[in-house]
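The values are calculated or read from the model by the stated rules, or taken from the named source; none is laboratory data. Please read these numbers as outputs of a predicted model, since none were measured by experiment. Virtual Cβ from ideal backbone geometry, glycine too; neighbours counted across all protein chains shown. Side chains are part of the model used for accessible areas, which takes the heavy atoms of the whole protein and leaves out ligands, DNA and RNA. Shrake-Rupley method; radii C 1.70, N 1.55, O 1.52, S 1.80 Å.
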Amino acid sequence: MLGVFSSSIVSPPEELVAAGSRTPSPKITSDALVNRFVQRNSSAISMQIGDFVQLAYSHSNESAVLPRSFAVKDDIFCLFEGSLDNLGSLRQQYGLAKSANEVMLVIEAYKALRDRAPYPPNHVVGHLEGNFAFIVFDKSTSTLFVATDQVGKVPLYWGITADGYVAFANDADLLKGACGKSLASFPQGCFYSTTVGGLRSYENPKNKITAVPATEEEIWGAKFMVEGSAVVAATE
């Protein structure tokens with residue numbers, strides 16, 4: 001799955017900008033990145049949302065136990081990969097039908113976060129049990145919400161394209177060719193929200209997240225770490 005957002009929606013993380021400046025490397029534009037995704041993945045579906053957002057997904061090479069899904073409801077677009085162990089209880093909590101899947105559940109959880117203020121984001125994501133990564137874009141408010149599970153079973157990466165768009169994807173090689181060293185693994189147990197103003201840990205909401213420069217040998221430009229915990233966003 002792939003989500004690409006202009007700087008009018010998402011401010012490029014300073015840590016990734018700095019990483020790209022330290023080690024200049026080839027990049028491509030956001031449009032070229034989406035085209036590359038479509039060419040690489042059979043039966044890929046891509047969509048333009050307004051002037052500043054593109055989403056794409058494919059069921060190519062999909063895990064049977066961690067499927068990908070997409071849904072849109074009330075101008076809320078969601079890409080989801082993975083599965084929730086407590087989907088049944090969450091359906092009851094949010095008043096959803098038994099047929100509702102994970103991607104619809106995440107949309108309802110996001111709506112609760114948006115409409116029932118004050119409602120801490122870490123409470124919403126912290127109630128999700130399982131292996132997952134998702135991207136939510138609310139067209140009505142131009143809001144982005146991205147999160148991954150606490151153990152990183154479903155990988156997610158983010159980077160900055162040649163034209164300054166922030167891209168999220170589950171394919172590190174795809175972003176490496178588009179973002180150069182302005183690239184990092186998205187930290188597990190964390191969420192990124194344009195409403196709260198950046199990256200936060202829902203496992204340890206009071207702990208600061210810092211970025212450590214990566215070595216020249218690594219494909220990343222930086223690694224994000226949650227201070228005071230053993231959580232490090234890096235590939236094994």
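Below, the figures for the structure above:
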item: Gly130 touching a strand residue (DSSP E or B) at 6+ places or on another chain (Cβ under 8 Å), over 27 Å from Pro12 (Cβ atoms), open to solvent by less than 40 Å² (accessible area, probe 1.4 Å) and in contact (Cβ under 8 Å) with a residue 12 or more places away in the chain; result: yes
item: Output for the range 177-198, where each listed residue is in contact with a strand residue (DSSP E or B) (Cβ under 6 Å, 6 or more places away or on another chain) and either open to solvent by 30 Å² or more (accessible area, probe 1.4 Å) or of a type in the set (Val, Ile, Thr) (or both); result: Gln188, Thr194, Thr195
item: Residue count for the range 19-49, restricted to those that are in contact with a strand residue (DSSP E or B) (Cβ under 6 Å, 6 or more places away or on another chain) and open to solvent by 90 Å² or more (accessible area, probe 1.4 Å); result: 1
item: Selection status of Ile107, open to solvent by less than 30 Å² (accessible area, probe 1.4 Å) and within 23 Å of Pro205 (Cβ to Cβ); result: yes
item: Filtered residues of the range 76-120 (kept if of a type in the set (Phe, Trp, Tyr), over 24 Å from Glu62 (Cβ atoms) and either without any contact (Cβ under 8 Å) to a residue 12 or more places away in the chain or assigned to a strand (DSSP E or B) (or both)); result: Tyr119
item: Subset of the range 121-147 [at pLDDT 95 or above and in a helix (DSSP H, G or I)]; result: none
item: Strands (runs of 3 or more DSSP E) (entirely within the range 168-218) containing at least 2 residues that are within 16 Å of the chain's Cα centre (by Cα); result: 183-185, 190-193, 198-201
item: Boolean, Asp173 is without any contact (Cβ under 8 Å) to a residue 40 or more places away in the chain, open to solvent by 50 Å² or more (accessible area, probe 1.4 Å) and closer than 25 Å to Ser6 by Cα; result: yes
item: Residues of the range 79-104 satisfying the condition of being open to solvent by less than 10 Å² (accessible area, probe 1.4 Å) and under 13 Å from Leu128 (Cβ atoms); result: Phe80, Gly82, Leu90, Val103
